[in-house]
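As structure tokens, the structure follows; a few thoughts come after it.
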Amino acid sequence: MEPTNISPTRGNGKDILLQAFHWNLVKTSGTGTLSNVKLSWYAILTQQAEKIRDLGITILYLPPPWVDDSEWKSGEKHGGGEGYFWRDFDLNSRYGTKQELIDLVKVLHSFRIKVIVDIVLNHRDRFRMQKDVWEYPGPAWRVSGNDTGGAFFDGSCDLKIDRPEVYSRFQSALNELLDECHVDGWRWDFVWGYHPKDVFSLIKDTTKQEYFSVGEYWQAASIQDDPMFQRYGSNERSRILGWAKESGCCVFDMVLKKEINSGNANYLKYGLNLSHDPKERELVATLVDNHDTGASPFSPANGWGQRVWECPAFFKSRAYAFILSTPGTPCVYWPDYFDWGLTEIKDLIHIRKQAGITFNSEWVDLTEKYGGFAAILKNEKKEEALAISIDSGLHDPSSDWKVAAEKIGEWTVWLRK
């Protein structure tokens, strides 16, 4: 059931997200892609703010903001400092100082771009972190008893978010980001081991109303004490949408991500973003890849990055044509545009805006007639505004349409004349 005592943090329906980082940016051992660069990542993003605006982005999504001096090594690969094994709430991270974060947000706001940051509530490892803020073992940890959200992996390093001393520290840290750094919301990392009501409560109990928040519920296998399995059973679609409804946030469309990874345009229509219920379409953020699923620009420390569930290279342009033409709140991955030059992303964003496509736009399914993915999308006035063909037999909707962008042999997008 949708919470009623706060406003949902899902933006205005017209937003475009940009994940403004990747896995290989910073490394504890100094061999990340920034190892020979004097500027911090925050400072570089500040310099890139105008380009980000011109791309058409409305929300920038930043990496975890807290200090991380973790280290890891696996064979010839090594790293640490990426933010996901932060040790306390010091905002002077390897991505830049607290003041640089404040300056970055100020510049982005001047371009009417909102800013959200990645919040890691439960992604911890006592063997990697130094001087953790909570003594281990101790009452802050699941090893002292169950917590609200089931086990994160083996449960040995789960924080008990419902413990007053833990909850209050997170609440204070989020307020610092809102009140002093002026960020606009959150990306909740890997929402295992804590409950959507924990997220809902933290948003409710912060001093300002967040603009946009999105969670990463990425859990296809059965976890006995995961509250989403207990509520919604084995149906992955129901669990993902249930998390969004109970938290008041958006949630990444991992059902669509699976279909994108298939490399088959016929399956794209089965994503959550094309649900027949417009209220469900509003709940999801769509993505092609992120810092975990996809590659990152090459680093001597870690090669091409995580690459744990990546979109096939031949399908990437098609996938962006799809998410930027259809409902949901689309998210662009920084390297795809800024490092690897998928310039069609910019064209597709501006076409989406020109057509007036929103996170709950109605759509007309043409796939049975033409194969692949083919559809007509409607704007807020319920007018047919955009047509799209991906690996389909739809080559010319009618004389009422003009080609707005295309990649020969892959996809075409039309706008109504």
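Assorted remarks:
- Every residue from region 120-157 that is open to solvent by less than 10 Å² (accessible area, probe 1.4 Å), within 24 Å of the chain's Cα centre (by Cα) and more than 17 Å from Ser70 (Cβ to Cβ): Gly149, Gly150
- The combined condition, being closer than 24 Å to Pro297 by Cα, of a type in the set (A, V, I, L, M) and either surrounded by fewer than 21 Cβ atoms within 10 Å (Cβ to Cβ) or at pLDDT below 95 (or both), is not fulfilled by Leu348.
- Qualifying position, being open to solvent by less than 40 Å² (accessible area, probe 1.4 Å) and either part of a loop (DSSP other than H, G, I, E, B) or modelled with pLDDT under 95 (or both), among Lys27, Lys73: Lys27
- Meets criteria (at pLDDT 95 or above, open to solvent by 10 Å² or more (accessible area, probe 1.4 Å) and either more than 24 Å from Cys249 (Cβ to Cβ) or part of a helix (DSSP H, G or I) (or both)) for Glu176: yes
- Taken across region 208-226, residues that are over 18 Å from the mean Cα position of the chain (by Cα) and within 18 Å of Val117 (Cα to Cα) do occur, with at least one present.
- Number of residues in region 208-235 that are open to solvent by 40 Å² or more (accessible area, probe 1.4 Å) and not hydrophobic (A, V, I, L, M, F, W, C): the value is 11.
- From the list Ala375, Ala319, Ala355, Ala313, the lone residue that is within 15 Å of Leu287 (Cβ to Cβ) and out of contact with any Ser or Thr (no Cβ under 6 Å at 6 or more places or on another chain) is Ala319.
- Within region 291-306, considering residues that are among the small types (Gly, Ala, Ser) and over 17 Å from Glu76 (Cβ atoms), the one farthest from the chain's Cα centre (by Cα): Ala295
- Any hit, region 48-56, residues being closer than 25 Å to Pro330 by Cβ, of a type in the set (Gly, Ala, Ser), open to solvent by less than 10 Å² (accessible area, probe 1.4 Å) and not in a helix (DSSP H, G or I): yes
- Count - residues of region 84-103 that are of a type outside the set (D, E, K, R), modelled with pLDDT of 95 or more and assigned to a loop (DSSP other than H, G, I, E, B): 5
- Members of region 57-70 that are open to solvent by 20 Å² or more (accessible area, probe 1.4 Å) and closer than 30 Å to Thr343 by Cβ: Thr58
- In the set (1) open to solvent by less than 60 Å² (accessible area, probe 1.4 Å); (2) part of a loop (DSSP other than H, G, I, E, B); (3) closer than 23 Å to Ile349 by Cβ, the condition left unmet by Lys14 is number (1).
- Region 30-47, subset in a loop (DSSP other than H, G, I, E, B) and among the hydrophobic types (A, V, I, L, M, F, W, C), residue nearest to Arg112 (Cα to Cα): Leu39
- Taken over region 30-47, the criterion of being of a type in the set (Ser, Thr, Tyr), modelled with pLDDT of 95 or more and open to solvent by 10 Å² or more (accessible area, probe 1.4 Å) is satisfied by Ser40, Thr46.
- Only residues that are more than 15 Å from Leu39 (Cβ to Cβ), touching a Phe, Trp or Tyr at 6+ places or on another chain (Cβ under 7 Å), without any contact (Cβ under 8 Å) to a residue 60 or more places away in the chain and surrounded by 21 or more Cβ atoms within 10 Å (Cβ to Cβ) were counted in region 84-104, giving 1.
- Filtered by the rule that a residue be touching a strand residue (DSSP E or B) at 6+ places or on another chain (Cβ under 7 Å) and not aliphatic (A, V, I, L, M), region 104-126 gives Lys114, Asp118, Asn122, Arg124.
- Just one of (1) farther than 23 Å from Val191 by Cβ; (2) over 21 Å from the mean Cα position of the chain (by Cα); (3) surrounded by fewer than 21 Cβ atoms within 10 Å (Cβ to Cβ) fails for Gly79. It is (3).
- Residue identified as touching a residue at least 60 places away in the same chain (Cβ under 8 Å), among the charged types (D, E, K, R) and either open to solvent by 50 Å² or more (accessible area, probe 1.4 Å) or under 11 Å from Thr206 (Cβ atoms) (or both) among Arg169, Arg187: Arg169
- Region 16-42: number of residues that are in contact (Cβ under 8 Å) with a residue 60 or more places away in the chain and either among the hydrophobic types (A, V, I, L, M, F, W, C) or at positive phi (or both): 8
- Test: Leu366 is surrounded by fewer than 22 Cβ atoms within 10 Å (Cβ to Cβ) and within 20 Å of Asn266 (Cβ to Cβ): yes
The values are calculated or read from the model by the stated rules, or taken from the named source; none is laboratory data. Since the structure is predicted, the reported quantities are computational estimates derived from the model, not experimental observations. Neighbour counts run over all protein chains shown; Cβ positions are idealised from the backbone, glycine included. Just so you know, the surface numbers come from the protein's heavy atoms only, side chains and all, with ligands and any DNA or RNA stripped out. Shrake-Rupley method; radii C 1.70, N 1.55, O 1.52, S 1.80 Å.
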